[in-house]
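The values are calculated or read from the model by the stated rules, or taken from the named source; none is laboratory data. As the structure is a prediction and not an experimental result, all values here were calculated from the model. Using ideal geometry, Cβ is built from the backbone for each residue, glycine included, and neighbour counts are taken over all protein chains shown.
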Amino acid sequence: MQGIDPSNTETAMLIEFRSDAGDMTMFGEPGVALLKMMGQSGELPGAILAKDIPAALERLERALAATPPGAPAQSARASGADGEPRISIRQRAWPLIELLRRCVKKNCDLLWGEKRPLVPPKPSR
């Protein structure tokens, strides 16, 4: 399967994380960065088996601890370049960390993939 190119900024890609412990959606660039911090390839779609989630969670928490507190997520949108408040990669990681913890408690797998918009984006002029 072909992976998603997170450097493509034409439209905002979304990543949907799904498990029996819950679901969540995240912007693509910080989502791919967090997947890589977990030791994953960053390719979409992907999955982690329940038995591998504790180690992935530990790697993610270790990587985030080594990240400066105000380090922005990767995209211009997330870094405040468009006048919006800056959102750090640590803040972006929090919902994923909580989902991973719930997966550990429920002993369930985590799957992710690109979330397609219900309405196609408007063509740029």
* When region 84-101 is examined, which residues are found to be of a type in the set (D, E, K, R), surrounded by fewer than 16 Cβ atoms within 10 Å (Cβ to Cβ) and under 24 Å from A21 (Cα atoms)? -> E98, R101
* Of these, A56, A63, A47, which one is under 16 Å from the mean Cα position of the chain (by Cα), assigned to a helix (DSSP H, G or I), under 19 Å from G113 (Cα atoms) and at pLDDT 95 or above? -> A56
* Structure fact -> Scanning region 30-74 for residues that are over 20 Å from D20 (Cβ atoms) and of a type in the set (K, R) gives K36, R59, R62
* Asked: Does region 67-87 include one or more residues that are in contact with a helix residue (DSSP H, G or I) (Cβ under 6 Å, 6 or more places away or on another chain), modelled with pLDDT of 95 or more and not in a helix (DSSP H, G or I)?
  -> no
* To do: Just one of (1) more than 18 Å from K115 (Cβ to Cβ); (2) over 14 Å from the mean Cα position of the chain (by Cα); (3) of a type in the set (G, A, S) trips up S41, so point out which.
  => (2)
* Structure fact -> Here the residues within region 9-41 that are surrounded by 17 or more Cβ atoms within 10 Å (Cβ to Cβ) and part of a loop (DSSP other than H, G, I, E, B) are M13, A21, M38, Q40
